[in-house]
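The values are calculated or read from the model by the stated rules, or taken from the named source; none is laboratory data. These numbers come from a predicted model, not from an experiment. No Cβ is skipped: glycine too gets one built from the backbone with ideal geometry, and neighbour counts run over all protein chains shown.
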Amino acid sequence: MVLPNHLLKDEEESINMATQKFMGRGKLIERLAAQVGDKGLAIAILQKRGHLKADGKTYTKAGMARNAMTAEERAKDRASKQTGRSAKDFKYNPSTNRVKIG
């Protein structure tokens, strides 16, 4: 199985320090807004993914599940879905918001 580069190694790049404030549970909109630089864009992305309803404030069932996760849990969940491996197989790097097997 070929893994995406971000699953194979830590990268030197650091995510914006603003996102570091939103690592915990219940911070899905705030964290994505800090990542993309605009709350309206973050809401549109979450609506497209099916995590927010049309009002831009109410989470869907899937959105509630994502919002209940930490940034680490979401990163491990994404990697798990991409690879078919258990989320427990991955180690999280909070500086890059990426995981690697280990």
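Conditions tested, residue by residue: (1) free of Cβ contacts under 8 Å to residues at least 40 places away in the same chain; (2) of a type in the set (D, E); (3) closer than 20 Å to E30 by Cα.
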position	(1), (2), (3)
L52	yes, no, yes
E72	no, yes, yes
K76	yes, no, yes
V99	no, no, no
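Could you list, in sequence order, all residues of region 29-45 that are at pLDDT 95 or above and under 27 Å from I101 (Cα atoms)? If the condition is that a residue be at pLDDT 95 or above and under 27 Å from I101 (Cα atoms), then no residue fits.
For the structure I just gave you, tell me whether K100 is touching a strand residue (DSSP E or B) at 6+ places or on another chain (Cβ under 9 Å) and not hydroxyl-bearing (S, T, Y). Taking the combined requirement at face value, the residue satisfies it.
Got at least one residue in region 22-36 being charged (D, E, K, R) and surrounded by 17 or more Cβ atoms within 10 Å (Cβ to Cβ)?
yes
May I ask you to verify whether R66 is within 12 Å of the chain's Cα centre (by Cα) and free of Cβ contacts under 8 Å to residues at least 24 places away in the same chain? Spelling it out, it is not the case that R66 is within 12 Å of the chain's Cα centre (by Cα) and free of Cβ contacts under 8 Å to residues at least 24 places away in the same chain. Selection of region 43-68 for residues being surrounded by fewer than 18 Cβ atoms within 10 Å (Cβ to Cβ) and among the hydrophobic types (A, V, I, L, M, F, W, C) yields A44, I45, A54, A62, M64, A65, A68.
Just to check your reading of the model, which residue among Y92, Y59 is touching a strand residue (DSSP E or B) at 6+ places or on another chain (Cβ under 8 Å), closer than 20 Å to L32 by Cα and at pLDDT 95 or above? Walk me through it before giving the result.
Values: Y92 fails: at pLDDT 95 or above.
So the residue among Y92, Y59 that is touching a strand residue (DSSP E or B) at 6+ places or on another chain (Cβ under 8 Å), closer than 20 Å to L32 by Cα and at pLDDT 95 or above is Y59.
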